[in-house]
Every structure is written in C-alpha cells, then in structure tokens.
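Read-outs throughout are calculated quantities, based only on the coordinates presented, and are distinct from any laboratory measurement. Everything numeric here is computed off the predicted structure, so don't read it as measured data. Quick reminder, even Gly has a Cβ in these numbers, built from the backbone with ideal geometry, and neighbours come from all protein chains shown.
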Amino acid sequence: MNAGTQSHAVDLSNSTVRELNTALHALKAGSNASLWRVTNPGGLHAIAAGLDAPITVEVDGPVGYYCGGMNKQATVLVKGSAGVGVAENMMSGLVEVEGDASQAAGATAHGGTLIIGGNAAARCGISMKGIDIVVKGSVGHMSAFMAQAGTLTVFGDAGEALGDSIYEARLYVRGSVKSLGADCIEKEMRDEHKAQLFERFKLAGVEGQIDPSEFKRYGSARTLYHFHVDNASAY
Amino acid sequence: MNEHMKPPAAPRTLPRESATFDAYTLSEIRRAAATGIYDIRGAGAKRKLPHFDDLLFLGASMSRYPLEGYREKCSTEVVLGTRFAKKPIELKIPITIAGMSFGSLSGPAKEALGRGASAMGTSTTTGDGGMTQEERGHSTKLVYQYLPSRYGMNPDDIRKADAIEVVVGQGAKPGGGGMLLGQKISPRVAKMRTLPEGIDQRSACRHPDWTGPDDLEIKIEELREITDWEKPIYVKVGAARPYYDTALAVKAGADVVVVDGMQGGTAATQEVFIENVGIPTLAAVRQAVKALQDLGMHRKVQLIVSGGIRNGADVAKALALGADAVAIGTAALIALGDNDPQWEGEYEKLGTRAGAYDDWHEGRDPAGITTQDPELMKRLDPVLAGRRLANYLAVMTLEAQTIARACGKSHVHNLEPEDLVALTIEAAAMAQVPLAGTDWIPGQTGRF
C-alpha cells in the first residue's frame, strides 16, 4: 500500500449499496482513497458493481448477486461466499472470493482474474470472453458453456457437460469430469499449456504447490463451427 | 359408326391445386427433401394475419370536434423512462428505430439509421454484437441492447448509451436465439464478438446469469447501480403472453416495456419459427396495456409496440390502443433502400425478386444493407439513406397527426380505443373495440 493511501470503512448495516457504489464510482485513477473496507454485506446485491479505478475493496462477509459486476481495474476481495454472477462481464482487475460462489461466476467476462477459494456452482464461466478463472474447489454442471476465450482452471472436479458448445476458451481440470458437453474434447497438454497453467497458479498464489501435469486440458473440437445437417443430433 | 354418332368427349374439370398443399408448400417440401435442412431466412411473419389494417378510426362528428389541419397543434413528443431513471429519454416523435445488430447490418446502414432518426429527434437501438462508432456517433439518442450473448458488452458503452434495453425475446422468435452465418463474420465483426472469423455464430436464447423475473429484478438493480440510476431500462419481450410478460417486466423494475409482435423482423431464424411461434402485434397491444392498467402503471411505465408498423395509420392505431410509442425495423430498412426494385436483376440472380428478398443472413444483399461485403456496402450512401429515413419518419408522423386531428386530439397520446372500430370479428376481439356498425366487442359487451 502506498504511503498516501487512505482507508475508508463502509458499514452496510447503516449505509446503502447505492451510497457505497456512488462513492466508489466517483473515484478516478490516481486517487489515494484506494482501500475500502465494507462490513455487514449481508448478501446484498451489486456490491462494488461497475467500478473503474485501481482501488481495493474488501468485503467482510457474504455478498449477493453480481458482486464486482462489469469490474474494470479494481480489486474486490470477498471474505465470504458470493451469490449468482460474481464478476459477471468483468473487463479487467481482480475479484477473489474466499468461500463458495453460486451459479454463473465470471459469466461473459472479457478480462481480469476471478479466484474462487471454494467451489463454484453451475455454469461457471458461461460465455466467458477472455477472463482467467481459477476455482480451487470444484465446478458445477454446464461450466464454460459457449465459452469463447480465456481460461477456466479447476483444482477439483467438473460436473456434467463441461464446455458444451465451447469456442476457443481453454479449460484445465485436475480432478474428474463427469461428462463433456457437445463439441468439447480432451486435448494434448503441451509445454505451452503447462506454462500457461503455471501462470494461473501464480494468480491464485499457489505456484510451486501444484504440479501442472496433474491437470488435463479440454477445448473445442471445432466440429460445430459450421452448421451442418449431419451434426443435427448435437444441436 | 357414322362420325356424327360418336359420343362427345366427356367434359373435364380444370386442374385444381390444393389449398392445403399450395405452390409454396410444395416448393418447401421439395427444398427440404433435397437439402435435409430447415429453411432459414430474415424478416418477420409473412402469412396474412389480423393487423392494424383491420381497424378504422371513426373521426369526429356531432359529438366530437376535429382540430384544424395545418393550424391547430397536434403534439407528438414522448418521454420514455419516467419511472426510475434520472435521465429519461425525450423524443420528438413516437416512432423509434428497433434494435438491429452491427453484423447483421453494415456499418454504413447503422450510420444511416442514426442519421435519419436523429434528424427527426428519435432514438436508434443497437443489437447483438455491440455498439459501433457509426451508430453512437450519428445517433443523438441511442438505446443499448443487453442481450443473452453479451457480444461486445462493456461498461464503457453502457455508460455512453442513453438507455438500456434488456432483451428477453423478439417477436419473430419468442424463445429463440440467433445464428449469424460465417460469411458475415468479417474480421471486424469477429473481433467485436470475440469469435474466430468466418464461423457460424450462435446467439443464446437465454441470459447466462439470470433466470426468471425475480432474477431479472436483481439484474436490473445491478444495471442501475452500474449506471448510477441515470439510464432508462427497457425490457423487450416477443409477443406471446403479453399480459403476464408485461406485468412481470413491471414487477422486475422496467421503466419501459417493449412488446414485439410476430411480424417483427429478425436477421435470421428458421422459417417454421417465424411463422408459427408468437402472436400478431394487434393481439398483443391491449393485453400489454391491460397489464399496465391493472397495476396502475399505464403511462408511468411506457409501452413501445413493434412488429409490422408501416405507416402513420399503424402508429395512430397502436397509440390509440394504449401504446406510448412504436418501433420500426423492417420498414426502416425499406426506407434505406432494402428490397428496392432498382436491384431487380440482382435479386433475380439470387433466385428471388425485389420485395420478397429475405435471405439477409447470407450477406449478399444487393442493396448493401444486410451485408459485410465491402463492395456491396459501398452501394449504400449513409447520408442519402439517412435522409430517406428521415423523410419516411416525417411522413409517418404527419399521417398520425392527421388522424389524431380528425379525432379531435391535440396530442397523439390522446387517441383512445373509443376512436376505433374493427372490420373483422377477429380484429374486434383482439383489439377489444366494436365490430364496425355494431356495439359488439367479442367477449365483452353488446350484440350484433
């Protein structure tokens, strides 16, 4: 933290999410008001959504839907669990959840990093467009559905239909995969992929603790990229 | 036998074609048998449907006084988003341009839409594929669509928009997603959508991070938080269950509800979907209005109706039934130059004709509108096409004012169902206005 950094505290038991977000949206790059501690989030929705400044927001407790939604630049740390759509459509920055995350974590996100300390429920990384997601636990069914770009790294297991209708995203799973979705296949784990995976370990602060060779890589077979009647059973 | 004694040939009946197996149906069966794949096309339902043509205005008479044309004012402005948004949209005319994507349309076509709409003081709408500089730069009021695919979605563009339209469905395909074929996924389109070039691109039919009206309420709350409660938030639904869909959109917190009937166009969908799913625009308006009235929200949450709006009479009829504004898509493309007879020779080479061309997804549009082909795109002059759209919008507005004055209204919003009668029982039942010459509203009051 810089010497000039100011710390702010917001207690959501006596302030509103609107007041919090108004204050956070008013911050510009270069502001020294860069550390915000939020207490009593109580599962409220849209906490720290729409940020666009290099600040850090620490949330002490569970958050509801869309925490850190459409984030740019900011670091949002959730010391608890997160509801649906945490970091949805994030563009850049970091969102880290210490606990579990509900459905659609990191949905449609274009960039940045999402770290889930526990498990993520169904559709983690759905329609992801460039984000790097690391889930230290397991992910639910239909994760990385129609995933376009970015990486989803899962230390645990993946549920049914992983990567269904996937485009160019890369999926790394250490544990079991209950089933692969349409057009998603296991792919060779080459050195470049192990290097990429190692970079994801660094994002999650576990480099050197996990062996990349324990993971399998999954991606698109690219057989559904052009509509063809012979593929009708997959549609 | 003597030739004169030969029995006359038995009279033969004329060849009779089946009404059930008509020529179009036969051609479709043959096409399906040859290709093994369903027909995909653009535009909306082409079958004959009960429509605004089946309604008539009564005009002023002994009990109502008309306003003088060219002298007495008949206002047309409309304000959208007065429920929650800090910055509602103020339009000079009650006709907006519906969402159409860059990707489906060329950049110059989007620019032309912006130029024409802005000249008349109304809004345009983005589509699947994100916001382009062509449309933001030339649209004084731009509605940013929030679609299931979220292609090109980013918070900077949301903040640049004047309103946000959460698209739940569209009239041509309620419950359906989309498909943009590879030939239209140019390098620019691919980059905006984060997809490989040249692949067939699918647009999801459901939003990835919310399901149902309770979730939508939270999603709208998030969008309001991100935009600091400034932007009006529309919810667009394809006309299917308009009463409940409108009520649920209001419950979810919409400022504006957009109801799109089955004549509303699409860039590309299965023909069977377009023609067989959803209900006509005429059947949707009163149900949507009734939902607003039952909730005490009519005129507080604004209603935009779209799907087959073609002229000022359609505008006036939609408003008389309770809409606050209408949106046009297909008609706007025609005004730009789509399906123009000047390209007849080229339409014939594509196996169709001017007025019937609907393979917008193939990207070979002779008019240079529904294409990403650089050579075809050059055929559309965005300045000239924008002028044509502005002219067309001006005519529609003048027509609606003409009718409103004849009914004695000083604002087009003062038109009311009591100004209307229906030509058919179907239209009377759908619009809930009397059959002409009777006081009979099917399902309600009176008798023949």
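Counting partner chain Cβ atoms within 10 Å of every residue's Cβ in A:106-113, what's the average? Intermediate results must be reported in sequence, preceding the final value.
Numbers: counts 1, 5, 10, 2, 5, 1, 0, 0.
Mean partner-chain Cβ count within 10 Å for A:106-113: 3.
Could you list B:ASP260, B:ASP340, A:ASP191 in order of exposure, starting from the residue whose Cβ has the fewest other Cβ atoms within 10 Å? Provide the component values of the computation, followed by the final result.
Values: B:ASP260 33, B:ASP340 16, A:ASP191 8.
Result, fewest neighbours first: A:ASP191, B:ASP340, B:ASP260.
In which sequence would B:TYR70, A:TYR167, B:TYR244 go, from the one with the fewest C-beta neighbours within 10 Å to the one with the most?
Details: B:TYR70 6, A:TYR167 26, B:TYR244 13.
Ordered from fewest to most neighbouring Cβ atoms within 10 Å, B:TYR70, A:TYR167, B:TYR244 come out as B:TYR70, B:TYR244, A:TYR167.
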What is the spin-label model distance, in nm, from A:LYS178 to A:GLU199 if the labels are put 7 Å beyond Cα along the C-beta direction?
3.2
For chain B, set up a GNM with springs between Cα atoms under 10 Å and report which of B:ARG30, B:ARG310, B:ARG241 has the largest fluctuation.
B:ARG30
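Suppose a student asked you for the relative contact order of segment A:7-234, using Cα pairs under 8 Å spaced at least 6 residues apart; what percent would you report?
Values: 744 pairs, mean separation 22.1, N = 228.
10 percent.
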Among the listed pairs B:LYS48/B:LYS409; B:LYS219/B:LYS409; B:LYS141/B:LYS317; B:LYS46/B:LYS110; B:LYS73/B:LYS231; A:LYS72/B:LYS219, which have their C-alpha atoms separated by more than 29 angstrom in this model?
B:LYS48/B:LYS409; B:LYS219/B:LYS409; B:LYS73/B:LYS231
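FRET efficiency for B:SER63 and B:GLU275, Cβ-Cβ distance as r, R0 = 41 Å, nearest 0.05?
Step by step, r from the Cβ atoms, then E = 0.45.
Kindly work out what percent of the DSSP beta bridges joining two residues of segment B:40-415 are antiparallel, to the nearest 5. Don't skip to the end; give the middle numbers.
Numbers: 9 of 39 bridges.
Approximately 25 percent, going by the DSSP bridge assignments.
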In nanometres, what is the gap between the two model label sites at B:GLU418 and A:THR16, each 7 Å from Cα along Cα-to-Cβ?
4.0
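So for segment B:311-448, averaging the separation of alpha carbon pairs under 8 Å that are six or more residues apart and normalising by length, what relative contact order in percent results?
On the way: 171 pairs, mean separation 33.8, N = 138.
Relative contact order, segment B:311-448: 24 percent.
So if R0 is 60 Å, what FRET efficiency would B:LEU398 and A:HIS226 give, r being the distance between their Cβ atoms, rounded to the nearest 0.05? The partial results should precede the final answer.
Working: r = 48 Å, r/R0 = 0.80.
Efficiency, from the Cβ-Cβ distance: 0.80.
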Which is the longest part of chain B that has none of the GluC sites (Glu not before Pro) sitting in a DSSP loop with at most 10 other Cβ atoms within 10 Å?
B:69-448
Show log10 I(q)/I(0) for segment A:7-234 at q = 0.11, 0.13 Å⁻¹, two decimals, from a solvent-free Debye sum over equal Cα scatterers.
-0.52, -0.70
Quick one: helix A:191-204 against the long Cα principal axis of chain A, what's the angle to the nearest 10°, folded into 0 to 90?
30
Going toward the positive end of the dipole of chain B, with +1 on Lys and Arg Cβ and -1 on Asp and Glu Cβ, which of B:PHE273, B:GLY114, B:GLY178 do you reach last?
B:GLY114
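Using the count of nearby Cβ atoms within 10 Å as a rough guide to exposure, how do B:LYS87, B:LYS48 rank from fewest to most?
Details: B:LYS87 14, B:LYS48 7.
If I rank by nearby Cβ atoms, fewest first, I get B:LYS48, B:LYS87.
Could you check what % of the DSSP bridge pairs in the protein assembly as shown are antiparallel, to the nearest 5? Each step should come with its number before you reach the end.
On the way: 19 of 93 bridges.
Here the share of antiparallel DSSP bridges comes out near 20 percent.
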Segment B:40-415: relative contact order from alpha carbon pairs under 8 Å, six or more residues apart, as a whole percent, is 25
Pairwise centroid distance, computed over Cα atoms, of segment B:175-235 with segment B:381-430, Å
32
By the Cα gyration tensor axes a ≥ b ≥ c (a/c under 1.5 gives rounded; else a/b larger than b/c gives prolate, otherwise oblate), the shape of chain B is oblate
Specify the residue with the greatest mean-square fluctuation among A:PHE145, A:PHE198, A:PHE155, computed from a Gaussian network of chain A linking alpha-carbon atoms under 10 Å apart.
A:PHE198
Stretch B:ASP228-B:LEU14 to full length: gain in nm at 0.36 nm per residue minus the Cα-Cα span?
69.9 nm
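Which value, in debye to the nearest 20, gives the size of the charge dipole of the protein assembly as shown about its Cα centre, when Lys and Arg are +1 and Asp and Glu are -1 at the Cβ?
Details: 71 positive and 80 negative charges, 151 e Å.
The calculation lands at about 720 debye.
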